[in-house]
Structures are given as structure tokens and as C-alpha cells.
Amino acid sequence: MVDQKETESQLHDLTCLYEITKELASSFVLSDCLEKAMALLSEYKKMENGTVTIVNPLTGKLEIEVAHGLTAEGRKRGKYKIGEGITGRVVASGEPIVVPHISEEPLFLNRTRSRGDIADRDRSFLCVPIKDGKQIIGALSVDRMYEDGFGTQANDDLQFLTVLSSIIAQTVCRVQIVNREKENLRTENLKLKRELSEKNRINDIIGNSSRMQDVFEMVHRVVDSNATVLLRGESGTGKTLVAKALHYNGKRKAKPFVVVNCSALPETLLESELFGHERGAFTGANERKIGRFEHAEGGTLFLDEIGEISHSVQVKLLNVVQERSFQRLGSTRSISCDVRLVAATNKDLEDAVSSGSFREDLYYRLNVFPIYMPPLRKRRTDILLLAEFFLEKFARENKKQINRISTSAIDLLIQYHWPGNVRELQNCMERAVLICDGDAIKGIHLPPTLQASESSSGSKPLSFSTAVENFEKELIIDALKKNNGNQTKTAGYLDTSLRIINYKIHQYGIDPKKYKI
């Protein structure tokens, strides 16, 4: 009879281990599979509060990975130093510990506060180490109520938990290996994306933001095509640079790149500029003139501000786009042309079509491949990159040794809304370089419009003490940058004591490590 009971108990334990092993192998999320394992432990073995505690490699502390039936708040509280409490001692010694009665054990800290009732204190507590080879990586602990009193059953349970802990150790290692591989793949993926981003980057166009990456991708998709490109976007966003990129990175780069600003010429002159004229075509036409379409033969014609052209020019332009031929003013002979057409506008052409000021058929002919240039306020991560590019450019042109932009100036640049986009930022940095006499662009060197943007946000003016604190913080950060984050050298640079510098760094929440090169 005893042998039969033992056999049934062994089969029960094997079934439990099988079900737990199946759950542990079913997921790569450690907390999920361990939670299911602890639930099965409670169901099959009446072992409650099943807890797996793992050593955090960064902090060196034991932290609860999963605790069946424990609240999130309790899990947060369940942190131990190695050697602290029963769990800490098990990890420190590598030996299991059994507590027959929780209420009689002074080492039992109950830090999770999950055992408050008197009945709970009569429970037994079993804790075994989780070993990866010779290394102790954590502990497995459970609560157990023994109906027949604490005895041989506890030894059987301890053996069972020791076997289970080895299975958990294998699971932890498997999940960590998979996670490391995933992290390596993620890192490699990011590296490849960065390399692709560099490959796709167009010369003279600065920008790493996701919106600019989209622009670069669109340019590369159409760069070797003959399709007409329509560049959309606000004034100053860099449409001309993209038009140049389309030409000089494509198969027509050896041929001419011709630019026509449609808004800068009156209707009669624009027609003559585009298509040319014969001698005597109109008063003052004393000789034949070759138009921009002929000058751009084999290359690219960039029509800037296309939304400003008159109806008569729109009609003739439509004919060129459709038939790839045109006539000079005063001539009846058609001239074939092989020209890549790129147009740009900051107008809402859809509204213009609706109002009748822009021909619908021409709109559809031009809008074959639209590229939208984002405004600078929509690509704020590029602001500092652009500002540093312009700083280097204008400092070199003006033979000035200006190496950086101060923190206060960066804050002003980032928070400004830039209605003039990149063109306004370029002018702003040129002005700053011209009036700067030091080695850094500071807030005072930026235009008054940027200063006003800070004060126009609706907040009250800074108090005197806050202004002083901001100034002190800027000085310390600038000094840390110059001294590679070294606090002793920073103190010497600012002609003050290391104690004062350390106090100020702590007061303002400055992290010197950020400024180490």
C-alpha cells in the first residue's frame, strides 16, 4: 500500500514536472512562462506564493522575476542584497534552506508583506538556489502547509524543487541567449539602416530625421527616371537643393541643369525665357533668342514657383509636357526636346485648380511624382545638425574660431517655430557668427525674434534667482564640455573649488559623464 502511494506520488510529481517543462519551453518571455510554471506548482503541489528571484547583473541585487499571487507593489518591494534574508543567504551559499514555521524564523523578512495572517505564519518556507553550472543566478522559493506536520514530505518537496530549479536555470539561460541574439540582430539591423541612410543621403542636404529619410528615399526612387517631379512644401524648405540632387545624382548629370524662377518674370518675358523667340517676333526682338528648354536639352529644367505662371504660359507648358516639343515665339517650326522637368511650388495647387487659376490637366501632368518637403518645425531633430553645419560653414568663410553652440542657444533654436524654415535658420546662424567674438554661439548672439519666442509662450518672466541659476548651469556645462567632463579641471577653469563645483553639479542635476568624449 505504501509502495502504491509512493508510486502515485512519483507519477504526480512527474506529471507536474512535465506540464511545467512544457510551459517553460513554450515562450521566450521569461516572466510569462515562469508565471505559468508557478501557477502549475500551486495547482499540482499546493505550493503557494511560488517566487523566482534572479540576480540583476547591473545592480547585483536580487529582484523578483515572477511571484505567483503577489501584487505588483509587493514585487517591487521584494528586492534583497545577496546574503540578506533567507533568499539572499540561499544565493550567497548555494545551499537550500527550509523554514518549518515562518513565524519562528527571525531571518524571514517578509519584505513583500504577503504573509500577514496568523495562519500564514504557520506555513513552511522552502527556498532552493537556481544554478547555471557553478554560478548561482537566483533562487526558487515556495510556501507550503503540511497537514500531517513538518516531516519527510518536506524533504521530498525539497528534492522536487531542486530538480525544478535546474529546469528553470536552463530556461533562464535559453531565454537570455535568445534575447542576446535578438539584441544583436536589432543592433545589426540599426547599423544596416544607418549605413543605408548614409548611402541614401544626398550631398548638400542635411538631415537625419525620419521625414528627411523619406525624402531621400523618394529622391533615390525617381532619380534615374524621366518622370516629371513636383516638389511641394513651404518656402525655405530646400526644394531647390532636392531639384539639384535629382539632376546631379542621376543619369543626366553631365548635361545642363537650368533654373527658371517663374515668379520673378512677367508673363511676356517668361514665355520668351522658356521657349525663346525669333527675330522680329515682337517689338525689341532684334535677334533670335534660344529659350531655357533648348539650353536644358538632355538635362534638367527646374521651374521654381510653378504656381505663379499665367494661363497662356500654362497652355504652352502643357503642350511641351505632353508632346515633348515646342515652338519659339514668332515661329511655326516645332522643336523636339529631351528635358527632365522638375517643378516646385509653395502654393496649394489643389485650391488653385478648384478656383480655376491653375489648369487641371497641367496639374495632373506635373503631379506625376510629388515629393513633399517637411517644414523645419516638423523635423526638429535636424535643427541642431543644420545649425552646426551652418556654424562651421560661416565660421570658415569669416575666418573665425567658433567651435560650438552653447546650451542656452540650443534651447532657443529648438523651441523656435521657424516660419522661414531652413533658409531662416541659415540667415540666423550667419548673423550669429558675424557678431560672436568668442568660441561659442550664445543666446545673446541669436536674433531678437528667437528671444521673443521664449517670452511669448505665455509664461511669466524669469525671476532674478532663476536667471542666475540658468546662467550658472550654462557656465558649468560649457566648462565641463571644454574639460572633457573632468570636474577637477572644470573647477580650475572656473577659478573655484572642487567642493563648490560638486555641490552645484548636484544642485542642478548635471551629469558630467555626458560631456566625456
So if R0 is 56 Å, what FRET efficiency would Leu475 and Thr268 give, r being the distance between their Cβ atoms, rounded to the nearest 0.05?
0.35
Kirkwood hydrodynamic radius (Cα pairs, Å) of region 210-374?
16.3 Å
Would you mind computing, in nm to one decimal, how far apart the modelled labels at Lys61 and Asn155 are, each placed 7 Å from Cα along Cα→Cβ?
3.9 nm
Which whole-number percent is the relative contact order of the chain (Cα, under 8 Å, 6+ apart)?
9 percent
Nearby lysines by direct alpha-carbon distance to Lys45 (threshold 20 angstrom, same-chain neighbours under 8 apart not counted)
Lys5, Lys22, Lys36
Expressed in angstrom and rounded, the centroid-to-centroid distance over alpha carbons for region 489-514 and region 232-249 is 46 Å
Rounded, prolate or oblate: which fits region 3-53 when a ≥ b ≥ c are the square roots of the eigenvalues of the alpha-carbon gyration tensor, with rounded for a/c under 1.5 and prolate only if a/b beats b/c?
oblate
Considering the zone a paramagnetic label at Asp348 would reach in this model (a point 7 Å from Cα along the Cα-to-Cβ line), which residues of region 215-236 have amide N under 18 Å from it?
232-235
Under the rule of at least 5 residues apart or a separate chain, name every residue whose amide H is placed under 5 Å from the amide H of Val259.
Phe302
Excluding residues fewer than 8 positions from Lys504 in its own chain, the aspartates and glutamates with Cα under 15 Å of it are Glu469, Glu472, Glu474, Asp478, Asp495
Under 19 Å Cα-Cα from Lys347, which lysines qualify once same-chain neighbours fewer than 8 residues away are excluded?
Lys239, Lys378
How far apart, in nm, are two points set 7 Å out from the Cα along the Cα-to-Cβ line at Ser9 and at Glu43?
2.3 nm
Evaluated at 4 °C and 1.567 mPa s, the Stokes-Einstein D of region 378-459 based on the Kirkwood radius over Cα pairs, in µm²/s, stands at 102 µm²/s
The whole-number value in µm²/s of the Stokes-Einstein translational diffusion coefficient for region 461-517, with Rh from the Kirkwood sum over alpha carbon pairs at 25 °C and 0.890 mPa s, is 216 µm²/s
Rank-order 9-21, 438-450 by packing density, defined as the average count of other C-beta atoms within 10 Å over each peptide's residues, highest first.
438-450, 9-21
A correct Stokes-Einstein calculation for the chain, using the alpha-carbon Kirkwood radius, 37 °C and 0.692 mPa s, returns a whole-number D in µm² s⁻¹ of 107 µm²/s
Could you pull out every residue, at least 5 positions away or on a different chain, whose amide H is within less than 5 Å of the one on Phe369? Hs are placed 1.01 Å off N in the peptide plane, and Pro or chain starts have none.
Leu230
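No value in this document is a laboratory result; all are computed from the given coordinates. These numbers come from a predicted model, not from an experiment. No Cβ is skipped: glycine too gets one built from the backbone with ideal geometry, and neighbour counts run over all protein chains shown.
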